[in-house]
Amino acid sequence: MTENAINTENLCRNFGKVQAVDNLCLQVPRGVVFGFLGANGSGKTTTIRLLLGLLEPTSGCAEVLGYDTKNQANSIRRRTGALLEHPGLYERLSAADNLEFYGRAWRLPTAKRRSRIKELLNNLGLWERRNESVGNWSRGMKQRLAVARAMLHNPPLIFLDEPTAGLDPVAAAALREQLQTMVEREGVTVFLTTHNLGEAEKLCQLLAVIRQGKLIAVGNPQELRAKASVPRIEVVGSGFTHEVQSFLQTQPGVTEVNIAGEVLTINLEKPISAAPLVNLLVQAGVKIEEVRKDSASLEEVFLNLMGADN
């Protein structure tokens, strides 16, 4: 069996003159939460549809769980779970009946099906409301049930396309926490697309960034920040004047200095010791409360990558 859950080689998909996925070469190891990041229209959903065999590639190839997406798509779909644009729930049915329906569709034996339904609804905090009609539920509860639907047949790989989109912050945080717990408990591989970069940073061990169909960065969150961010020093205190700012900007290795209230940010060409710059600030009469070396947030890195030249 292949070491990776997903392998793609020069995967392409065109829609007329639009190249939605452009020579995508990607490896997703087993047992990780893999975050696939990109702006709207960057090719994320098209990639998922290619990996599930719902679309034929224009060129290139892909394997999912060791199966070829062109010739063995049914085998892939039997062994994966997916929560895409729609939750796939029957709103007139109860939560338990929804999962019962899908459990029968997956041909799960009766005892296993009932045990699995109870396990998932308990883990997602829905067991006490299992007999309620889903149509009366909040969007957050429906999304939790949709996650249960995707994981019902114990797939080794699940695709989650913007699972917290449209949820309020409390519901989104609850779903993230429950999803993280379930992933750890089930040991599955998750292919996750999201616009929430804080979510990606908390959930994902590995991230990839796609822009206009092209893969432009891959790594864990720390690696992406290190590769794409500017080293900087943040100084918290008082006495930051424009004269101090102008003086610091003349120092070797300093590219930019900004003041925002009680925080002075010094951007650097490369990582250096903060001590000489702190000494200069003290000599200039600045009162320093805290000094920290900082790197850009994942959101800043993402925006830099999105705005970078091709």
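Brief remarks follow.
Let's see how each residue does on (1) in the same structural domain as G187 (by TED's automatic domain parsing); (2) closer than 30 Å to F101 by Cβ; (3) not polar (S, T, N, Q):
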position	(1), (2), (3)
F34	yes, yes, yes
C61	yes, no, yes
L65	yes, yes, yes
T69	yes, yes, no
S75	yes, yes, no
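- 1 or more residues surrounded by fewer than 16 Cβ atoms within 10 Å (Cβ to Cβ): qualifying strands (runs of 3 or more DSSP E) within the stretch 5-90: 18-29, 59-64
- Scanning the stretch 239-261 for residues that are of a type in the set (S, T, Y) and either surrounded by 12 or more Cβ atoms within 10 Å (Cβ to Cβ) or within 34 Å of the chain's Cα centre (by Cα) (or both) yields a count of 2.
- Beta carbons closer than 7 Å, at least 6 apart along the sequence or on distinct chains, pair a first residue in the stretch 281-310 that is under 25 Å from F247 (Cβ atoms) with a second that is assigned to a loop (DSSP other than H, G, I, E, B) and modelled with pLDDT under 85 for S295/S229; S295/P231; A296/S229; A296/V230.
- Within the set V147, V183, V209, V190, the sole residue that is within 30 Å of M306 (Cα to Cα), at pLDDT below 85 and touching a strand residue (DSSP E or B) at 6+ places or on another chain (Cβ under 7 Å) turns out to be V183.
- Residues within the stretch 246-293 that are touching a strand residue (DSSP E or B) at 6+ places or on another chain (Cβ under 8 Å) and on the phi > 0 side of the Ramachandran plot, tallied: 1
- Residues located in the stretch 159-175, provided they are more than 12 Å from the chain's Cα centre (by Cα) and acidic (D, E): D168
- Among residues of the stretch 216-245, those that are in a strand (DSSP E or B) and out of contact with any strand residue (DSSP E or B) (no Cβ under 6 Å at 6 or more places or on another chain), counted: 1
- When I233, I272, I288 are screened for being over 30 Å from the mean Cα position of the chain (by Cα), of a type in the set (V, I, T) and at pLDDT below 90, only I272 passes.
- Qualifying residue in the stretch 295-307 (condition: closer than 30 Å to G198 by Cβ, modelled with pLDDT of 90 or more and not acidic (D, E)): no
The values are calculated or read from the model by the stated rules, or taken from the named source; none is laboratory data. Bear in mind the structure is a predicted one, so any value in this text is a computation, not a measurement. Quick reminder, even Gly has a Cβ in these numbers, built from the backbone with ideal geometry, and neighbours come from all protein chains shown.
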